[in-house]
Structures are given as C-alpha cells and as structure tokens.
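Read-outs: derived from the displayed coordinates by stated rules, not from any lab. Here the structure is a predicted model, which is why all the values come from computation and not from measurement. Neighbour counts run over all protein chains shown; Cβ positions are idealised from the backbone, glycine included.
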Amino acid sequence: MKSQVYELKKNQIDADSIYGFLNAFNELYAECTDAEKKQFMQAFIERIDIFPERREDGNWIRNIKFQFPVPILRDGKEVDN
C-alpha cells in the first residue's frame, strides 16, 4: 500500500491511476491491522482542519490537505486548491 501511495506522490496523478488505486483500496484496507490503517492515513493525509464547533449542517471538517496534489474541477475546468 505504501508503494502505491508513493507512486501517486511521485507521478503526475491522472484518473486512471486514482481509479486503479481505489479499486484495490477496499480489499487491502480490510486486511490491515489498526496500526497499519493509521500509518496509511498518515501517509495519505497531511492534515485535517476542523471547525471549532459543529456547524448547523453537522459538519466538523473544514478542509483535508492530502500529501499529494488532488485536481479539483469546477465547471469542467481545474481550479487551485
């Protein structure tokens, strides 16, 4: 799993590489110990920003910063994240 995350980090991410990784994710993740799951999440996520209090819509999470670039599309165009 670490090698797949490393490959995502070092290579330009495209839809095919993300799709391939996510296809295998559920199966691999289910077989991991709790310690391995934590280690994986730490390799995948740089930080999670939360609101000081739960919002009216029930959300706590303000932003998730990943360890690799994640393209965001709005109206069919990529925007900075």
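Overview of results
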read-out: Distance from segment 52-81 to segment 15-45 (C-alpha centre basis), Å; value: 20
read-out: Rounded, prolate or oblate (a/c below 1.5 giving rounded, otherwise prolate when a/b exceeds b/c) for segment 2-79 by Cα gyration tensor; value: oblate
read-out: Amide H contacts under 5 Å for Phe66, placed H, 5+ residues apart; value: Glu46
read-out: Low-density loop positions, GluC sites (Glu not before Pro), segment 12-44 - DSSP coil, at most 12 other Cβ in 10 Å; value: Glu31
read-out: Low-density loop positions, trypsin sites (Lys or Arg not before Pro), segment 12-81 - DSSP coil, at most 12 other Cβ in 10 Å; value: Arg54, Arg55
read-out: Sparse-neighbourhood loop sites, chymotrypsin sites (Phe, Trp or Tyr not before Pro) in segment 20-81 - DSSP loop, at most 13 other Cβ within 10 angstrom; value: Trp60
